[in-house]
Amino acid sequence: MNRKIKALCAGCLSLVLLLSGCGEKGTGDQNASAVNPVEDYVSHKVNATLHQVSVTESTRPFVVNGASDYKLIVAEGEANETAADYILRYVERVTGCRLESAEASQFDTGGKFIVFNDADLFKKAGLTMPAVDLDSTGYYIKTAGDNVFLMTQQDFGARYAVIAFLKHVLGMQVYGQDTFVYTKDGTTLPDMEITEKPDIGNILLGNWRDTFSADALYLMGYSDYKTQFLSIQNQDNHTSLLYLPVETYYQEHPAWFSAQKDQLCYTAGGDAEELDAMTSEAARVMLENIMANPNIHAGQFTMADTWTSCQCQACSDSAKQYGTRSAAVIQFTNMLSRKIQSGLQKYADENGTEKRDFTLYLMAYHKFVEPPVVKNSDGTYTPNDPSLVCDEDVGVIYAPIEAKYIHNFYEQENVESAEMMKAWSTLSSKMYYWLYQTNYSGYLYPFDSWDSDVENLRFCYENKVDIVMIQGQHNMACSTGFTSLKVYTDSLAAMDLSLSYQDMVNDFFQNYYGAAAAPMQQYFEELQSWMRYLEQAYPVEYTGNIYSVLVGENYWPREMLLRWQGLIDQAYEALNEGKNTDPNYEIYMNHVKMESIFLRYELITSHSGIYSAEQVLQMKQSFKADCIALGITHEYEQRELTEVYRDWGIS
């Protein structure tokens, strides 16, 4: 373990219990010694990436007294039009002015226009694109006279151009789906020349997947699953048995399935004709889905979400020959992808159009997680056979579910997963890293991956990342355990991996909690340090994987919980001073209340003996009411809180 902890020793942590500093009522003695906070972290900051930002404030008027001389010219295309809409709406939100739109024919080099991705007007202004590869996500912003140009090489960059424009013109930063902060009023338009590309340009949100605000998703730089991957029966992953369902095909093609019928047989039992028929049918069904979704350019044909694999003789022989069971999956997916690509080419030829880009992903997970490679003496990897290299249009989703996510991939505790990541990246040029950041056995408990997440993004960058997703509490609308901090730092770090984790944390607390920032950050830092102590004190019980949760008074002493509840009370008091004047009062109050949920749940479940029956009932009813109001619905991944309320007798 190489994470730094300031004076984290047995002597220091005897203070953590705070036996002398806590009262019975949950207010706590705020002068009591606190847990020493974690220092800034051993980090592997990524530098020398493309972040050439030159922004100088000017006196150039933009919006004055609710009016502007600027007009917006937007090139055709859905991505451009979506991006322009964000500019129009958020400029209006801050300044009260809805910019007018204009046609390209109205452009004048001496005028006042914001030009979005019009290459002809860009050239007319005498400008040229920078001599760097912006790839699919990069952008170039340039002021020329009073005009401003926002240019990208591909559609995906439009989002990041908008984020940068709003940041530098309005001082906009999004800290969460309900927390948009503006530090400028849009009165002036700065001089800008920005050439930039996100370090990780395609990051998927792993929390609150179906409920997160669309605007916050876009403006924090997160990609939307619905526009990234094909779905079948409302599911975009673990799709193989949805494209080839047992009930449809088993009777005629039993060789396509494992004996238990819970996974495909990727060798079709060693029958070449059956394998050809299997991949042909899968290609036919997938092509129908692809053609029905013309704006989606990726899909998954991925294993069922079980710890099983086909054990037939052909699959076992393949595993013996190539060293892993994933070898058959790679060969199968290459065959399937070639048939899909052939179908796309045929369609293009018949319709006189360009062939559509489409990437097919397999999943390295559970029984199929090990890559078929050999490690060389220099630490690099070589495929066990040329047939095990993924085709150009085949990507790999590597999901190291067994990793210890309270540590990062640079640490010894995760060396096996880190090496697998390096190995898989030698087999495909399109790597999708599916990581984790919560405890699936205890949604209401904190999970100490805050800084590890950022380090893991850096590790992914070093290993050919194309897409990354850090999955958290995907089936809830919001989460306790300072999950919102993770959502913020992950989005910012993906843009620029050279950013300081601690700087991001400090910025988050100042803006996400308003006047309650100080007590909330103190609570967070004490909680994080306590969890580092638990990691050392209970290495068997607290392994750091995503199913390792500590419940009970041995791990969460009553006096400590009451002290932290006292910090929550301090936060409420600080906010109440602005109850009638702060327009974000209710938002901040809900943010604080969210972080009270863990404390209250643990007091109810592990320390109820210190309260009267009437007090416990009131605590349970209050807990339920707040969870419902906030949108907290699950005790853990597979259990809803309605079952808890029933067990408590308050359903």
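General remarks:
- Residue identified as farther than 17 Å from Ser58 by Cα, touching a Ser or Thr at 6+ places or on another chain (Cβ under 7 Å) and of a type in the set (Phe, Trp, Tyr) among Phe156, Phe116: Phe156
- Flag if Met291 is modelled with pLDDT of 95 or more and assigned to a loop (DSSP other than H, G, I, E, B): no
- Pair list, Cβ < 9 Å and 6+ apart or interchain, from the stretch 500-515 residues that are among the β-branched types (Val, Ile, Thr) to residues that are modelled with pLDDT of 95 or more and open to solvent by 20 Å² or more (accessible area, probe 1.4 Å): Val505/Gln521; Val505/Glu525
- For beta carbons closer than 6 Å, sequence separation of 6+ or different chains, a first residue in the stretch 621-644 that is aromatic (Phe, Trp, Tyr) and a second that is surrounded by 13 or more Cβ atoms within 10 Å (Cβ to Cβ), the qualifying pairs are Phe623/Arg600; Tyr636/Ser441; Tyr636/Gly442; Tyr636/Tyr443.
- Long-range neighbours under 9 Å by Cβ, at least six apart or interchain, first residue closer than 25 Å to Ile200 by Cβ and in contact (Cβ under 8 Å) with a residue 12 or more places away in the chain within the stretch 222-244, second in a strand (DSSP E or B) and among the aromatic types (Phe, Trp, Tyr): Phe229/Tyr361; Asn237/Tyr361; Asn237/Trp434
- Test result for Met220, under 26 Å from the mean Cα position of the chain (by Cα), of a type in the set (A, V, I, L, M) and closer than 22 Å to Tyr433 by Cβ: yes
- Among residues of the stretch 50-71 that are over 29 Å from Ser105 (Cα atoms), those with a beta-carbon under 6 Å from a residue that is assigned to a loop (DSSP other than H, G, I, E, B) and open to solvent by 40 Å² or more (accessible area, probe 1.4 Å) at least six positions away or on a different chain give the pairs Leu50/Lys197.
- Filtering the stretch 347-368 to residues that are over 29 Å from the mean Cα position of the chain (by Cα) and exposed (fewer than 11 other Cβ atoms within 10 Å of the Cβ) leaves Asp349, Glu350, Asn351, Gly352, Thr353, Glu354.
- Within the span defined as the stretch 283-299, every residue fails to be aliphatic (A, V, I, L, M), crowded, with 19+ Cβ neighbours inside 10 Å and more than 31 Å from the chain's Cα centre (by Cα).
- Residue list for the stretch 541-559, restricted to those being touching a helix residue (DSSP H, G or I) at 6+ places or on another chain (Cβ under 7 Å), of a type outside the set (A, V, I, L, M, F, W, C), in contact (Cβ under 8 Å) with a residue 40 or more places away in the chain and under 19 Å from Tyr523 (Cα atoms): Glu553, Arg558
- Here Phe156 clears all of (1) open to solvent by less than 10 Å² (accessible area, probe 1.4 Å); (2) modelled with pLDDT under 95 except the condition numbered (1).
- Some residue of the stretch 381-391 being under 18 Å from Leu264 (Cα atoms) and either at pLDDT 95 or above or surrounded by fewer than 18 Cβ atoms within 10 Å (Cβ to Cβ) (or both): no
- Selection over the stretch 184-216 of residues that are at pLDDT below 95, surrounded by 20 or more Cβ atoms within 10 Å (Cβ to Cβ) and aliphatic (A, V, I, L, M) gives a count of 1.
- Within the stretch 437-468, if we keep just the residues that are assigned to a strand (DSSP E or B) and open to solvent by 10 Å² or more (accessible area, probe 1.4 Å), the residue that is nearest to Asp393 (Cα to Cα) turns out to be Asp466.
- Qualifying residue in the stretch 369-380 (condition: open to solvent by 20 Å² or more (accessible area, probe 1.4 Å), among the aliphatic types (A, V, I, L, M) and in a helix (DSSP H, G or I)): no
- Looking at Asn414, Asn408, just one residue is open to solvent by less than 10 Å² (accessible area, probe 1.4 Å) and either part of a loop (DSSP other than H, G, I, E, B) or within 19 Å of Asn293 (Cα to Cα) (or both), and that residue is Asn408.
- The number of residues in the stretch 166-183 being among the β-branched types (Val, Ile, Thr), within 29 Å of Glu462 (Cβ to Cβ) and surrounded by fewer than 20 Cβ atoms within 10 Å (Cβ to Cβ) comes to 0.
- The residue of the stretch 314-333 that is farthest from Trp256 (Cα to Cα), among those that are of a type in the set (Val, Ile, Thr) and part of a helix (DSSP H, G or I), is Ile330.
- Any hit, the stretch 303-319, residues being in contact (Cβ under 8 Å) with a residue 60 or more places away in the chain, hydrophobic (A, V, I, L, M, F, W, C) and in contact with a His (Cβ under 6 Å, 6 or more places away or on another chain): yes
Every residue, every condition in (1) polar (S, T, N, Q); (2) free of Cβ contacts under 8 Å to residues at least 60 places away in the same chain, yes or no:
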| residue | (1), (2) |
| --- | --- |
| Cys390 | no, no |
| Val394 | no, no |
| His407 | no, no |
| Ala418 | no, yes |
| Thr426 | yes, yes |
| Lys430 | no, no |
| Gln437 | yes, no |
| Tyr443 | no, no |
| Asp451 | no, no |
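- Conditions (1) crowded, with 19+ Cβ neighbours inside 10 Å; (2) on the phi > 0 side of the Ramachandran plot: number failed by Gly126: (1)
- Looking only at the stretch 536-555, residues that are part of a helix (DSSP H, G or I) and open to solvent by less than 20 Å² (accessible area, probe 1.4 Å) come to 0 in all.
- Residue identified as within 25 Å of Tyr225 (Cβ to Cβ) and of a type in the set (Val, Ile, Thr) among Thr333, Thr353: Thr333
The values are calculated or read from the model by the stated rules, or taken from the named source; none is laboratory data. It should be emphasised that the depicted structure is a prediction, and the values quoted were computed from it without experimental measurement. Cβ atoms come from the backbone with ideal geometry, glycine included; neighbour counts cover every protein chain shown. Please note that ligands, DNA and RNA were not included when accessible areas were found on the heavy atoms of the full protein model with its side chains. Shrake-Rupley method; radii C 1.70, N 1.55, O 1.52, S 1.80 Å.
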